[in-house]
1. Residues in segment 85-92: is at least one over 13 Å from the mean Cα position of the chain (by Cα) and either among the aromatic types (Phe, Trp, Tyr) or crowded, with 16+ Cβ neighbours inside 10 Å (or both)?
2. Restricting to strands (runs of 3 or more DSSP E) lying wholly in segment 1-96: which have 3 or more residues that are charged (D, E, K, R)?
3. Condition first: in contact with a His (Cβ under 6 Å, 6 or more places away or on another chain), in contact (Cβ under 8 Å) with a residue 12 or more places away in the chain and not aliphatic (A, V, I, L, M). Can you find one or more residues in segment 139-154 that meet it?
4. If you take the residues of segment 16-28 that are within 21 Å of Gly120 (Cβ to Cβ) and out of contact with any helix residue (DSSP H, G or I) (no Cβ under 8 Å at 6 or more places or on another chain), which of them is surrounded by the most Cβ atoms within 10 Å (Cβ to Cβ)?
5. I need the full set of residues from segment 100-114 which are part of a helix (DSSP H, G or I) and either in contact with a strand residue (DSSP E or B) (Cβ under 7 Å, 6 or more places away or on another chain) or surrounded by fewer than 16 Cβ atoms within 10 Å (Cβ to Cβ) (or both), in order please.
6. Quick one: in segment 29-57, of everything that is at pLDDT 95 or above and acidic (Asp, Glu), which residue is nearest to Arg126 (Cα to Cα)?
7. Quick check on segment 121-149: of everything there that is among the aliphatic types (A, V, I, L, M) and in a helix (DSSP H, G or I), which residue is farthest from Leu8 (Cα to Cα)?
8. Looking at (1) more than 19 Å from Ala11 (Cβ to Cβ); (2) of a type in the set (D, E, K, R); (3) in contact (Cβ under 8 Å) with a residue 12 or more places away in the chain, which one does Lys115 not meet, given that it meets all the others?
Amino acid sequence: MDDGAMELRKATRQDVEYVVDCVLAMLREMASHGGDPLGQEQRIRSALEVRFIDSLDEEDHVFLIAAPQREPAPPAGLIEASIVGREEFFEPKSVLHVHSLYVQPSYRGQGLGGKLLQAGLEWGRRKGCLEAELHVLVGNPARKLYENLGFETVELRMRLGL
């Protein structure tokens, strides 16, 4: 499907099931790309529902959904981001942290992930953020999208099994 037929909108309380399903699917994919294995799914689902409802009305937190303009098709993707500050040891600045970016598999490869990410970045700019950050696993194919949009690796997380 052509992502030109998509509209981006802020999520509402009625989107809770969709948002939770997307974030859970993203977490499953992260695990498949070398991330930590997931815990008990119902516990995760409950925690995500609470996080969504608690964050929905915060001014420094946003959930944007890409939805086909030809309803009643289900949404195609989402981005979740919030504004965070630097720790007290560093110069203060507002940073946009991208928590989640997910595109339904049937919509991938059509530019929708980039469109969602650009919308999230623009929201952060309007809120006064000076930079954006996100975490991505080395083996995640979405890494190319982030690099193509100018994201650079600035930190490496290393792990050793014991």
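The values are calculated or read from the model by the stated rules, or taken from the named source; none is laboratory data. Since we're looking at a predicted model, the values are computed, not measured. Note: ideal-geometry Cβ built from the backbone for every residue, glycine included; neighbour counts use all protein chains shown.
1. Yes, that holds for at least one residue.
2. On the way: elements: 6-10, 61-68, 77-85.
Here the list reads 6-10.
3. Scanning segment 139-154 turns up at least one residue that is in contact with a His (Cβ under 6 Å, 6 or more places away or on another chain), in contact (Cβ under 8 Å) with a residue 12 or more places away in the chain and not aliphatic (A, V, I, L, M).
4. Cys22
5. Residues satisfying the conditions are Pro105, Ser106, Tyr107, Leu112, Gly113.
6. Top of the filtered list is Asp54.
7. Leu145
8. (1)
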